[in-house]
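Asks: Before I ask anything, here is the structure I am working with.
The values are calculated or read from the model by the stated rules, or taken from the named source; none is laboratory data. Note that the structure is predicted; figures quoted are calculated from it, not measured. With ideal geometry, Cβ positions are generated from the backbone for all residues, glycine too; neighbour counts draw on all protein chains shown. Heavy atoms of the whole protein, side chains included, go into the accessibility calculation; ligands, DNA and RNA do not. Shrake-Rupley method; radii C 1.70, N 1.55, O 1.52, S 1.80 Å.
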Amino acid sequence: QVHLVVSGGGLVQPGGSLRLSCAASGGFFSIHAMGWYRQAPGKERELVASISSGGGTAYGSSVLGRFTISTDAAKNTVYMQMNSLKPEDTAVYYCNVRIKRTQWEPVSDYWGQGTQVTVSE
């Protein structure tokens, strides 16, 4: 059973910073990628940032240059440092981890619980 534990999030003023973390635990063979998605009210879920097991990163255009994704492989944890936050960054943020539970199974997506990020005066 794969467990994802998310921490971080909260209320911050425009221009402020927050850091999200997501730790994967449980029995699995390998992690192929980790990332963050967000969903604002009335909008579809969108990719914020992702990082592959090889270290390749991808960012949504709206966060490029402001958010940084990183991992601690030893802890199976992904982090996202969010700087220069804007009101439009307000959303529920979800951790996504692409995992192979065994070497014979295909890669599957696992989602952490959402964490609210609110950027407001």
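Asks: Taking the criterion of being under 18 Å from residue 47 (Cα atoms), polar (S, T, N, Q), under 11 Å from the mean Cα position of the chain (by Cα) and in a loop (DSSP other than H, G, I, E, B), would at least one residue in the stretch 100-113 satisfy it?
Replies: The answer is yes; a qualifying residue exists.
Asks: Separate question: Yes or no: residue 85 more than 18 Å from residue 112 (Cβ to Cβ), open to solvent by less than 70 Å² (accessible area, probe 1.4 Å) and in contact (Cβ under 8 Å) with a residue 12 or more places away in the chain?
Replies: When the stated conditions are applied, residue 85 passes them.
Asks: Residues in the stretch 83-96: is at least one among the small types (Gly, Ala, Ser), in a strand (DSSP E or B) and at pLDDT 95 or above?
Replies: yes
Asks: Something else about it: Quick one: residue 43 ticks every box in (1) in contact with a strand residue (DSSP E or B) (Cβ under 7 Å, 6 or more places away or on another chain); (2) surrounded by fewer than 18 Cβ atoms within 10 Å (Cβ to Cβ) except a single one, so which number is it?
Replies: (1)
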